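First up is the structure itself, then whatever we jot down about it.
The values are calculated or read from the model by the stated rules, or taken from the named source; none is laboratory data. Values in this document were obtained by computation on a predicted structure and should not be read as measured data. Using ideal geometry, Cβ is built from the backbone for each residue, glycine included, and neighbour counts are taken over all protein chains shown.
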């Protein structure tokens with residue numbers, strides 16, 4: 001029964017994130033509420049605790065990237081909704097595989113925009129100067145390169161559940 005929630009959530013999240021660069025609250029909140037309800041019906045207090053742990057962990061895992069501007073609130077709520085459906089263990093795997101997919105997307109996008117070498121040089125310089133305690137200020141503008149991370153999270157979730 002939870003597959004009835006998960007697959008449409010992932011499909012609609014991918015669609016909205018790709019097309020509009022946002023994931024609607026109506027989608028994530030309705031899945032969260034239904035997941036909590038189905039888990040309480042199927043497992044009582046332990047079921048709702050399982051679902052709530054997944055929800056909370058999904059949100060907490062992406063809170064720092066959201067606060068620092070690395071991702072949008074829709075991605076955070078999406079991982080929370082995924083966690084409410086699949087629970088805490090699988091939400092961790094979903095994020096891990098999603099991060100691998102997202103990192104691969106990021107490298108492809110940097111290559112397409114001819115920004116990979118400057119970014120790698122910048123990171124290398126930061127690492128070298130950090131180790132030598134010398135301050136360096138370099139500006140490489142990669143903030144204008146964005147991609148819909150909800151797609152990476154959806155693919156990561158599919159991989160996590162497929163494994």
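Looking across 82, 100, 23, one residue alone is in contact with a helix residue (DSSP H, G or I) (Cβ under 9 Å, 6 or more places away or on another chain) and either outside any helix (DSSP H, G or I) or on the phi > 0 side of the Ramachandran plot (or both). It is 23. Given the structure, is residue 57 touching a residue at least 60 places away in the same chain (Cβ under 8 Å) and either surrounded by fewer than 20 Cβ atoms within 10 Å (Cβ to Cβ) or part of a helix (DSSP H, G or I) (or both)? Here the answer is no, as residue 57 does not meet what is asked.
Just one residue in the set 16, 105, 12, 50 is closer than 20 Å to residue 155 by Cα, free of Cβ contacts under 8 Å to residues at least 40 places away in the same chain and part of a helix (DSSP H, G or I); that residue is 12. Among the candidates 49, 10, the residue that is modelled with pLDDT of 95 or more and under 15 Å from the mean Cα position of the chain (by Cα) is uniquely 10.
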